[in-house]
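Student: Have a look at the structure that comes next, please.
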Amino acid sequence: MATMKTLGFVSGAGFKCLNRILGIDLIPRTLPAIHSVPVRYARFKSSPLISDDSTQYTGFEISRNPEEWKFVQDLLPQPVIKKPSPKPEYPSGWKPQNPPADSPYFIQRTANHMLPVYLKRDTPRGVRKRTVVRYIQGDVWALEEELRAVVSKTYPKDIFNTMVNEVAGQITFRGDYVSVLKAYLESKGW
Amino acid sequence: MATRGYEKALSMLKTLPRVGLFNIAPNPGFVKPSKRGRGQHGGDKHGAGNKGSKARQNYMRTGYETSLRPYYLSFTHEPYYLGHHLKRQYPPLSLGQLQLMIDTDRINAEKPIDLVQICNTGLYKINPQCKHYGVHLTDEGADSFKAKVNIEVQWATEPVIAAVERNGGTITTAFFDPPSLFALTNVKKFLESGEPIPKRMIPPEDAISYYTDPKMRGYLADPDQVSWERLVLAQKYGYSLPKIEEDPNYEMLTLRKDPRQIFYGLEPGWVVNLIDRIILKPTDPELQEYYKG
Amino acid sequence: MLRRLVMGALRPNSCVQAAHRLSTTTESSPSEVEQYSSDGFPPPVVLSRNLEFPTNDGRKRMAWVENIDTVQERKLGMIDLHPDIFAVPPRIDVIWNNVHWQKLYRKVNLVQVNNRAEMIGGGRKPWQQKGLGRARQGSIRAPQWKHGGIAHGPRAPTTRFYMLPIHTRLYGLRCMLSVKLAQDDLHIVNALDIPTNEPSYLEDLAEERQWGPSVLFVDDTDVAPENIAIAADQIKHMNIMPVYGLNVYSMLNHDTLVLTLAALERIEKQILYFMHRTDRAKLAEKFKTSQV
């Protein structure tokens, strides 16, 4: 019933207009039981009983103790990831972002507040590896030049290619340079 | 106007024609042609040769060495991995990862940490259907572990226990049976289902010795022996054991679950109603006896 | 409508300053604003919004809030838009992925051709195996025969259903909103109340403000005000949609997108919630048809 009414409004007011012109109510007030949509519950145990016979239930008492409810609240997960509160020290090595001023580019942290540097493989256990730096705003090419210099300084013998996707704000390195790039970007405060 | 980066693309869009259904396209090479050809030779072998594993499954079966006797068949039966699919597994979580979760506020170290808190971060993968029985806390990052926690894990080793207790924290190893694990790993779904909290079963025969061992801080071990072993471990690893009796968080650090309990503060048999924010407790003596015993 | 917005003080000057700062979404010059103020209209009010999950990269997007209760445009204020939704990389390929998915997931192919077993006849061996000098044949409905069955033909029903990963779906919405804002095709109105139910009113409105011609109105409720519902129902290229129906295809299909303030709040809240959920990894798992 409610669904039909809602649909009538959403799809346009023509139906309602017709009602007013003809002076009759075309919306049926009750739907016959045969048209009721059967509901499938996710679990057998949580589906309601067919008959609501309260004599079938065992006895129970209702508790509204706020002390007990605190334990329930501790069990429920946080709905969204919040910004980490500032702390005097971070033993894990993680640092909050402290971007340098007047940088031509900006690297946005991920939703988990980590650096967006990833290792990708062409196939799940393949040997061809790519390092991808994502979420780059501003001058991607300046960052690419900087990172190329860092990798060639650390691995002078390595021959690697880079690929810049300017529209997506991504830089791809051929090879595994995740730890080098992460260490460098962290040292710069990204 | 930005001269480089995707801001340039956005500013270019201002003067470009309107993006519509008719002028969008996928990346080059995104749409792959159908593998099966049509026409005169469409019903042929599709480049897969004639018969055999290459035509049918495109890869050889594991261990097959073309025409030689496979290595795994050249020796008699050696049952190293007999029954491996039935053994309990404990997906690892390192102390470094735990410290990172605490540093980024994904876990609150001011409250007791158990499987529920670790799963609620969304960063730890566990599936009780794959014989995963809980967390194995590993010693990677033990040197830089600085948090003072009351943690309950399902498997731990001696260096891990030392790393936690050195900071003034406490650790317990506890066993949970699969029905309890389903409730612990997705606690929101469990509480919304309106089922009574299950009671924790005792560990299987081969795990009894581990979970009653005070050296492993088993949850069935004698508490007096556990405090003795805390001193012994401190002397073995050469650190002075902080006195948790004098700690302001003494209540939190010594909070433990009953061997029949799976959630802190909530007893088995209770039903939690999240909508009305009430807890239903059974009064039937038969049920009470079942959940207590 | 404005219950979630904290109304700033009446500061016409700050609005002018905001318009100066604006680089990408300038819709009106400062002199125009002053003209409105001197004409006796109430001066524009800057509606300050507290954006959830603020960014620290200096990106800023703002948009005017307009009225639609008069044909002539009146600016009611200027609001901040979340840069993670209205200033993301304009990935046309992601938009295409979304459109492709929306076209295909509802499609069921009902074309079916008969194979050799389904054809009439063909049970008899047409001629004997040996002795005639002819090629051996077992049935007149074999696929190599004229009027024979079809081998590997289309079988019905074949569903084209598949599920795009949730983060691609979200990114498609964000891309599309960013593109609409960048191309000056996104307009924000305070409410969908218009004084008359004549369709010509909406046509005049679009003409005056250079909208459209096709316009998609989005509100956060699924019951539209009566006047606009009747008016838009008679114009095929002007449609009303609740927030939960907002999708990439419809946004592309219409030239101009008109959001109410409440719809904007709801869209931002919902997309930001999905972007920052703690169970993001679980959400991104492969879609199973059996999942609830």
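Student: Looking at (1) touching a residue at least 60 places away in the same chain (Cβ under 8 Å); (2) of a type in the set (Phe, Trp, Tyr); (3) within 14 Å of another protein chain (Cβ to nearest Cβ), which is the one condition that is false for residue B:155?
Tutor: Of everything listed in (1) touching a residue at least 60 places away in the same chain (Cβ under 8 Å); (2) of a type in the set (Phe, Trp, Tyr); (3) within 14 Å of another protein chain (Cβ to nearest Cβ), residue B:155 misses just condition (3).
Student: Further question: Among the residues of the range B:4-11, are any at pLDDT 85 or above, aliphatic (A, V, I, L, M), under 43 Å from the mean Cα position of the chain (by Cα) and surrounded by 10 or more Cβ atoms within 10 Å (Cβ to Cβ)? Explain how you work it out, then say what you get.
Tutor: Going through the range B:4-11, the residues at pLDDT 85 or above turn out to be B:5-11.
Keeping just the survivors that are aliphatic (A, V, I, L, M) gives B:9-10.
Filter once more, keeping what is under 43 Å from the mean Cα position of the chain (by Cα): B:9-10.
Next, from what is left, pick out any that are surrounded by 10 or more Cβ atoms within 10 Å (Cβ to Cβ): B:9-10.
Checked the range B:4-11: at least one residue is at pLDDT 85 or above, aliphatic (A, V, I, L, M), under 43 Å from the mean Cα position of the chain (by Cα) and surrounded by 10 or more Cβ atoms within 10 Å (Cβ to Cβ).
Student: Let me ask something else. Give the residues of the range B:23-37 that are within 9 Å of chain C (Cβ to nearest Cβ) and modelled with pLDDT under 75, sorted by residue number.
Tutor: Correct list: B:36 only.
Student: Quick one: which residue in B:126, B:118, B:161 is in a loop (DSSP other than H, G, I, E, B) and among the β-branched types (Val, Ile, Thr)?
Tutor: Numbers: B:118 fails: in a loop (DSSP other than H, G, I, E, B); B:161 fails: in a loop (DSSP other than H, G, I, E, B).
So the residue among B:126, B:118, B:161 that is in a loop (DSSP other than H, G, I, E, B) and among the β-branched types (Val, Ile, Thr) is B:126.
Student: Which of the numbered conditions does residue B:1 fail, given that it passes all the others? Conditions: (1) of a type in the set (A, V, I, L, M, F, W, C); (2) modelled with pLDDT of 90 or more; (3) in a loop (DSSP other than H, G, I, E, B); (4) surrounded by 10 or more Cβ atoms within 10 Å (Cβ to Cβ).
Tutor: Of (1) of a type in the set (A, V, I, L, M, F, W, C); (2) modelled with pLDDT of 90 or more; (3) in a loop (DSSP other than H, G, I, E, B); (4) surrounded by 10 or more Cβ atoms within 10 Å (Cβ to Cβ), only one is false for residue B:1: (2).
Student: Of the residues C:234, C:210, C:183, only one is surrounded by fewer than 22 Cβ atoms within 10 Å (Cβ to Cβ) and within 14 Å of chain A (Cβ to nearest Cβ); which? Walk me through it before giving the result.
Tutor: Details: C:210 fails: within 14 Å of chain A (Cβ to nearest Cβ); C:183 fails: within 14 Å of chain A (Cβ to nearest Cβ).
Going through C:234, C:210, C:183 in turn, the sole match is C:234.
Student: Are any residues in the range A:147-163 exposed (fewer than 15 other Cβ atoms within 10 Å of the Cβ) and either among the polar types (S, T, N, Q) or within 21 Å of residue C:89 (Cβ to Cβ) (or both), and if so, which ones?
Tutor: Matches in the range A:147-163: A:152, A:154, A:161, A:163.
Student: Under 7 Å between Cβ atoms, which residue pairs at least 6 apart in sequence (or on different chains) link something in the range C:102-129 that is closer than 30 Å to residue C:246 by Cα and touching a residue at least 60 places away in the same chain (Cβ under 8 Å) with a partner that is surrounded by 12 or more Cβ atoms within 10 Å (Cβ to Cβ) and among the small types (Gly, Ala, Ser)?
Tutor: Listed pairs, sorted by first residue: none to list.
Student: Continuing with this model, one more query. Quick one: residue A:94 ticks every box in (1) more than 25 Å from residue C:90 (Cα to Cα); (2) more than 14 Å from chain B (Cβ to nearest Cβ) bar one, so which box is it?
Tutor: Every listed condition holds for residue A:94 apart from (2).
Student: Those residues that are among the hydrophobic types (A, V, I, L, M, F, W, C), closer than 20 Å to residue B:150 by Cα and more than 9 Å from chain A (Cβ to nearest Cβ), I need them from the range B:112-128; list them, please. Spell out the reasoning first.
Tutor: From the range B:112-128, those among the hydrophobic types (A, V, I, L, M, F, W, C) are B:113, B:115-116, B:118-119, B:123, B:126; that's our starting set.
With the extra rule that they be closer than 20 Å to residue B:150 by Cα, the set shrinks to B:113, B:115-116, B:118-119, B:123.
Listed by number, the residues that qualify are B:113, B:115, B:118.
Student: In the range C:146-178, which residues are farther than 18 Å from residue C:104 by Cα, out of contact with any helix residue (DSSP H, G or I) (no Cβ under 8 Å at 6 or more places or on another chain) and either within 14 Å of chain B (Cβ to nearest Cβ) or not in a loop (DSSP other than H, G, I, E, B) (or both)?
Tutor: C:148, C:149, C:150, C:151, C:152, C:153
Student: So, one more: Identify the residue in the range B:136-156 that is closer than 16 Å to residue B:216 by Cβ and in a loop (DSSP other than H, G, I, E, B) and, among all such residues, is nearest to the chain's Cα centre (by Cα).
Tutor: Selected residue: B:154.
Yes/no matrix, rows are residues, columns are (1) under 22 Å from residue B:94 (Cβ atoms); (2) among the aromatic types (Phe, Trp, Tyr); (3) at pLDDT 95 or above:
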{"position": "B:157", "(1), (2), (3)": "yes, no, yes"}
{"position": "B:173", "(1), (2), (3)": "yes, no, yes"}
{"position": "B:176", "(1), (2), (3)": "yes, yes, yes"}
{"position": "B:181", "(1), (2), (3)": "yes, no, yes"}
{"position": "B:188", "(1), (2), (3)": "no, no, no"}
{"position": "B:194", "(1), (2), (3)": "no, no, no"}
{"position": "B:209", "(1), (2), (3)": "no, no, yes"}
{"position": "B:212", "(1), (2), (3)": "no, no, yes"}
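Student: Which one of the conditions (1) of a type in the set (A, V, I, L, M); (2) part of a loop (DSSP other than H, G, I, E, B); (3) modelled with pLDDT of 90 or more; (4) under 21 Å from residue C:268 (Cα atoms) does residue C:62 fail to meet, given that it meets all the rest?
Tutor: (2)
Student: Of the conditions (1) surrounded by fewer than 18 Cβ atoms within 10 Å (Cβ to Cβ); (2) more than 11 Å from every other protein chain (Cβ to nearest Cβ); (3) part of a helix (DSSP H, G or I), residue C:85 fails just one. Which one is it?
Tutor: If we test residue C:85 against (1) surrounded by fewer than 18 Cβ atoms within 10 Å (Cβ to Cβ); (2) more than 11 Å from every other protein chain (Cβ to nearest Cβ); (3) part of a helix (DSSP H, G or I), just (1) comes out false.
Student: Here's another thing I want to ask about it. May I ask you to verify whether residue B:177 is more than 14 Å from every other protein chain (Cβ to nearest Cβ), surrounded by 17 or more Cβ atoms within 10 Å (Cβ to Cβ) and within 25 Å of residue B:212 (Cα to Cα)?
Tutor: yes
Student: So for the range C:272-283 (the condition being more than 11 Å from chain B (Cβ to nearest Cβ) and closer than 21 Å to residue C:224 by Cα), does at least one residue qualify?
Tutor: No.
Student: Sticking with this structure for a sec: Residues in the range B:93-104: is at least one under 30 Å from residue B:134 (Cα atoms), at pLDDT 85 or above, within 14 Å of chain C (Cβ to nearest Cβ) and outside any helix (DSSP H, G or I)?
Tutor: Within the range B:93-104, one or more residues are under 30 Å from residue B:134 (Cα atoms), at pLDDT 85 or above, within 14 Å of chain C (Cβ to nearest Cβ) and outside any helix (DSSP H, G or I).
Student: Restricting to the range A:38-68, give me the number of residues that are more than 20 Å from residue B:282 (Cβ to Cβ) and touching a helix residue (DSSP H, G or I) at 6+ places or on another chain (Cβ under 9 Å).
Tutor: Taking the range A:38-68 as the starting set, the residues that turn out to be more than 20 Å from residue B:282 (Cβ to Cβ) are A:38-44, A:47, A:50-51, A:66.
Keeping just the survivors that are touching a helix residue (DSSP H, G or I) at 6+ places or on another chain (Cβ under 9 Å) gives A:42-43.
Here the count works out to 2.
Student: Related question: Looking at the range A:69-91 only, could you name the residues that are closer than 20 Å to residue B:281 by Cα and either surrounded by fewer than 11 Cβ atoms within 10 Å (Cβ to Cβ) or more than 7 Å from every other protein chain (Cβ to nearest Cβ) (or both)?
Tutor: Of everything in the range A:69-91, those that are closer than 20 Å to residue B:281 by Cα and either surrounded by fewer than 11 Cβ atoms within 10 Å (Cβ to Cβ) or more than 7 Å from every other protein chain (Cβ to nearest Cβ) (or both) turn out to be A:70, A:73.
Student: Hey, can you tell me all the residues within the range A:112-134 that are under 30 Å from residue B:102 (Cβ atoms), without any contact (Cβ under 8 Å) to a residue 24 or more places away in the chain, more than 14 Å from chain B (Cβ to nearest Cβ) and of a type in the set (A, V, I, L, M)?
Tutor: none
Student: What strands (runs of 3 or more DSSP E) lie completely within the range A:45-151 and have 2 or more residues being of a type in the set (A, V, I, L, M) and at pLDDT 95 or above? Before the answer, list the steps.
Tutor: Details: elements: A:60-63, A:105-107, A:117-121, A:129-133, A:136-138.
By residue number, A:117-121, A:129-133.
The values are calculated or read from the model by the stated rules, or taken from the named source; none is laboratory data. Quick caveat, the model's predicted, so the values are computed rather than measured. With ideal geometry, Cβ positions are generated from the backbone for all residues, glycine too; neighbour counts draw on all protein chains shown.
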